[in-house]
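Novice: Provided herewith is a single structure, encoded as structure tokens, for subsequent inquiry.
The values are calculated or read from the model by the stated rules, or taken from the named source; none is laboratory data. Bear in mind that the values here come from a model prediction, so they are computed numbers and not experimental data. So basically every Cβ, Gly included, is an ideal-geometry build from the backbone, and we count neighbours across all protein chains shown.
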Amino acid sequence: MRLGGPLGVTVVGAGYVGLASALSLAHGGHRVAVLDRDATRLAALRRGEDPLGESGVAELISSTDIAYTTEPSEAFADVDVVIIAVGTPTTERGTADLSALRAAVQTVAERARPCTVLVRSTVPVGTSDELQSGPLHAFKVVANPEFLREGRALADAFTPDRIVAGGATDAADIVRSLYASITSQSWTAVAGLVPGDRPLLLWMDRRSAELAKYAANAYLVTRLSFVNEIANVAAAAGADVRAVLETLSKDPRIGTGYLQPGLGWGGSCFPKDARALLSFTTDLGYDFSLLRAVVDQNNAQLVRFFRLITESVPAGARLALLGLAFKSGTRDTRQSPAIALADLLVKRGHELRAYDPMVRGPIPGVPGLVGLPTLAEAVDGAHAVVIATEWPEFAALDLDELRRALSGGLVIDGRCILDGRRVAAAGLRYVGICPPPPGIID
Ligand code: UGA
């Protein structure tokens, strides 16, 4: 191994984080292998297919030379750095389920030669220290959380805002060497990606790196729940939440991101990380009451939107549900507020006809819920449309066509993507999280 030159990198886990890390590091010149238990996924990757539906992934799979394997002996043949990027889902208790992580660690401990191990999975504070003093004592363990967003996984891997790594000082050089093409932004443009600002590599201790990840997600959900509260207050007070939030966004201390109100935040990360942070702070004897309130607010926000719907439509009315993914730009439906809403609506006896640009076919967990192939099939003859995911194509709906297709002439916007004035001007009734102030609409 020569620091500054190509490293042998083995990524354990071929999900969003593992694959985006592997592709960006291989494109940056390292020799990369990806190890996963899922032989079907690996076979698809070897055929050059993108299992994630992320922009640019298919192109990068074919332009890089990564070994995709289920075999540890093959994966660890030439290894300087192991990156563990397996899932850490939530247990019933809300704690992080570390069983996949522990299995990966065991494989590394038994099959890899002593090298540097980066823990990229989101893990409770203290986990990497425990691995360092336990099963990975012969390795150099570095906590290296990721901050990538689904739908932008490659962009966030190639041009991250910052790289966070925590470990003993003697591991810093190899980590800097691993990420050299990213910190210098010296990689060549590919798959619609172009180099951008150089991110800092923030070096710290393992516990701080682990907590930094939870703190970032906890801050973002706090902000989102705050924004949703302000939307609710604005609706009750007859104020225009868009104007209020625009005012906030112009304050550089606040900034523009994560100010879009809606029916609640979801996805495979925010809910699980908020619960895990609550759970391990409770174990530390600390009552994180603010975060508990944020999680409660999020649950209440969904119920609030559900009530808004049920108060506006006749019992049993057929509804067109627009959106199934937890946000736009992804086909991921894990912890999707749209699906939690669908479940409540189906239980109340509504017939749902759902459409999402990236989600097709039966949706597990909600009987009868199916992602239809076209928007028209969902909308035709429905009493109302319910917008549950902020896809740009829903913001650009042809309102005249919609009025002709709907039997009840009602638009219910759970993502604040339509202007209620425009909807009313098209002869439709508008209900939503962000109603225009009374007087403006009439
Ligand atoms: C989130 C974080 O943004 C990433 O930085 C982090 O790396 C990742 O979790 C993770 O922990 O792995 P992601 O789950 O892809 O990324 O989703 P976001 O784009 O952050 O959106 C999360 C939820 O918030 C979605 O339901 C989205 O619709 C909602 N949201 C987001 C809003 O309701 N309003 C907004 O203004 C922004």
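Novice: Provide a single number: the residues in segment 123-145 that are surrounded by fewer than 23 Cβ atoms within 10 Å (Cβ to Cβ) and closer than 13 Å to residue 18 by Cα.
Specialist: 0
Novice: To continue, here is another question. Name the single residue, out of those in segment 37-76 being outside any helix (DSSP H, G or I) and of a type in the set (Lys, Arg), that is surrounded by the most Cβ atoms within 10 Å (Cβ to Cβ). Give the steps one after another, and end with the answer.
Specialist: First, the residues of segment 37-76 that are outside any helix (DSSP H, G or I): 37-38, 47-56, 64-71, 76.
Right, trim to of a type in the set (Lys, Arg) and you get 37, 47.
Working: 37: 15, 47: 10.
This residue is 37.
Yes or no, residue by residue, for (1) touching a residue at least 40 places away in the same chain (Cβ under 8 Å); (2) farther than 21 Å from residue 420 by Cα:
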| residue | (1), (2) |
| --- | --- |
| 220 | yes, yes |
| 231 | yes, no |
| 242 | yes, no |
| 252 | no, yes |
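Novice: Kindly indicate whether residue 87 is surrounded by fewer than 23 Cβ atoms within 10 Å (Cβ to Cβ) and either away from the ligand (no atom under 16 Å from the Cβ) or over 26 Å from the mean Cα position of the chain (by Cα) (or both). Full working, then the answer.
Specialist: Values: surrounded by fewer than 23 Cβ atoms within 10 Å (Cβ to Cβ): yes; either away from the ligand (no atom under 16 Å from the Cβ) or over 26 Å from the mean Cα position of the chain (by Cα) (or both): no.
Taking the combined requirement at face value, the residue does not satisfy it.
Novice: Counting only residues that are over 28 Å from residue 3 (Cβ atoms), in contact (Cβ under 8 Å) with a residue 60 or more places away in the chain and out of contact with any Leu (no Cβ under 7 Å at 6 or more places or on another chain), how many does segment 61-98 have?
Specialist: Result for segment 61-98: 6.
Novice: Would you be able to say whether some residue in segment 321-332 is acidic (Asp, Glu) and either surrounded by fewer than 17 Cβ atoms within 10 Å (Cβ to Cβ) or assigned to a strand (DSSP E or B) (or both)?
Specialist: Step one: filter segment 321-332 for residues acidic (Asp, Glu), giving 332.
Those left that are additionally either surrounded by fewer than 17 Cβ atoms within 10 Å (Cβ to Cβ) or assigned to a strand (DSSP E or B) (or both): none.
Taking every residue of segment 321-332 in turn, none turns out to be acidic (Asp, Glu) and either surrounded by fewer than 17 Cβ atoms within 10 Å (Cβ to Cβ) or assigned to a strand (DSSP E or B) (or both).
Novice: Also, quick follow-up: Can you confirm whether segment 19-40 contains a residue that is in contact (Cβ under 8 Å) with a residue 40 or more places away in the chain, polar (S, T, N, Q) and out of contact with any Cys (no Cβ under 7 Å at 6 or more places or on another chain)?
Specialist: Our first condition is that a residue be in contact (Cβ under 8 Å) with a residue 40 or more places away in the chain; within segment 19-40, this holds for 19-31, 33-35.
Next, from what is left, pick out any that are polar (S, T, N, Q): 21, 24.
Those left that are additionally out of contact with any Cys (no Cβ under 7 Å at 6 or more places or on another chain): 21, 24.
Yes, the conditions are met somewhere in segment 19-40.
Novice: Right, here's the next one. Among the candidates 75, 143, 153, single out the residue that is within 20 Å of residue 15 (Cα to Cα), within 15 Å of the ligand (Cβ to nearest atom) and touching a Ser or Thr at 6+ places or on another chain (Cβ under 7 Å). First the steps, then the outcome.
Specialist: On the way: 75 fails: within 15 Å of the ligand (Cβ to nearest atom); 153 fails: touching a Ser or Thr at 6+ places or on another chain (Cβ under 7 Å).
Going through 75, 143, 153 in turn, just one is within 20 Å of residue 15 (Cα to Cα), within 15 Å of the ligand (Cβ to nearest atom) and touching a Ser or Thr at 6+ places or on another chain (Cβ under 7 Å): 143.
Novice: Let me ask another. Out of all the residues in segment 61-70, is one or more aromatic (Phe, Trp, Tyr), within 16 Å of the ligand (Cβ to nearest atom) and under 18 Å from residue 34 (Cβ atoms)? Show your work before the answer.
Specialist: Let us first name the residues in segment 61-70 that are aromatic (Phe, Trp, Tyr), namely 68.
Of the ones still in play, those that are also within 16 Å of the ligand (Cβ to nearest atom) are none.
The answer is no, given that none of the residues of segment 61-70 is aromatic (Phe, Trp, Tyr), within 16 Å of the ligand (Cβ to nearest atom) and under 18 Å from residue 34 (Cβ atoms).
Novice: With of a type outside the set (Lys, Arg), more than 24 Å from residue 431 (Cβ to Cβ) and either touching a strand residue (DSSP E or B) at 6+ places or on another chain (Cβ under 7 Å) or modelled with pLDDT of 95 or more (or both) as the only criterion, which of 244, 227, 190, 233 stands out? Lay out the reasoning, then the answer.
Specialist: Numbers: 244 fails: more than 24 Å from residue 431 (Cβ to Cβ); 227 fails: more than 24 Å from residue 431 (Cβ to Cβ); 233 fails: more than 24 Å from residue 431 (Cβ to Cβ).
Testing whether each residue is of a type outside the set (Lys, Arg), more than 24 Å from residue 431 (Cβ to Cβ) and either touching a strand residue (DSSP E or B) at 6+ places or on another chain (Cβ under 7 Å) or modelled with pLDDT of 95 or more (or both) leaves just 190.
Residue by residue, here is whether (1) touching a helix residue (DSSP H, G or I) at 6+ places or on another chain (Cβ under 9 Å); (2) within 16 Å of the ligand (Cβ to nearest atom); (3) under 28 Å from residue 357 (Cα atoms) holds:
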residue: 227; (1), (2), (3): yes, yes, yes
residue: 260; (1), (2), (3): yes, yes, yes
residue: 265; (1), (2), (3): yes, yes, yes
residue: 277; (1), (2), (3): yes, yes, no
residue: 298; (1), (2), (3): yes, yes, yes
residue: 305; (1), (2), (3): yes, yes, yes
residue: 332; (1), (2), (3): yes, yes, yes
residue: 339; (1), (2), (3): no, yes, yes
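Novice: I'm told residue 286 meets every condition in (1) closer than 14 Å to residue 223 by Cβ; (2) away from the ligand (no atom under 16 Å from the Cβ) except one. Can you identify the failing condition by its number?
Specialist: (1)
Novice: Being within 16 Å of the ligand (Cβ to nearest atom), modelled with pLDDT of 95 or more and hydroxyl-bearing (Ser, Thr, Tyr) is the filter here; which residues of segment 307-330 pass it?
Specialist: Answer for segment 307-330, where residues must be within 16 Å of the ligand (Cβ to nearest atom), modelled with pLDDT of 95 or more and hydroxyl-bearing (Ser, Thr, Tyr): just 328.
Novice: Go through segment 174-215 and give me each residue that's within 16 Å of the ligand (Cβ to nearest atom), touching a residue at least 60 places away in the same chain (Cβ under 8 Å) and closer than 26 Å to residue 56 by Cα.
Specialist: If the condition is that a residue be within 16 Å of the ligand (Cβ to nearest atom), touching a residue at least 60 places away in the same chain (Cβ under 8 Å) and closer than 26 Å to residue 56 by Cα, then 182, 213 are the ones that fit.
Novice: Looking only at segment 218-252, which residues are within 30 Å of residue 281 (Cα to Cα) and more than 24 Å from the chain's Cα centre (by Cα)? Let's see the steps before the verdict.
Specialist: Filtering segment 218-252 for residues within 30 Å of residue 281 (Cα to Cα) gives 218-232.
232 - this is the single residue of segment 218-252 that is within 30 Å of residue 281 (Cα to Cα) and more than 24 Å from the chain's Cα centre (by Cα).
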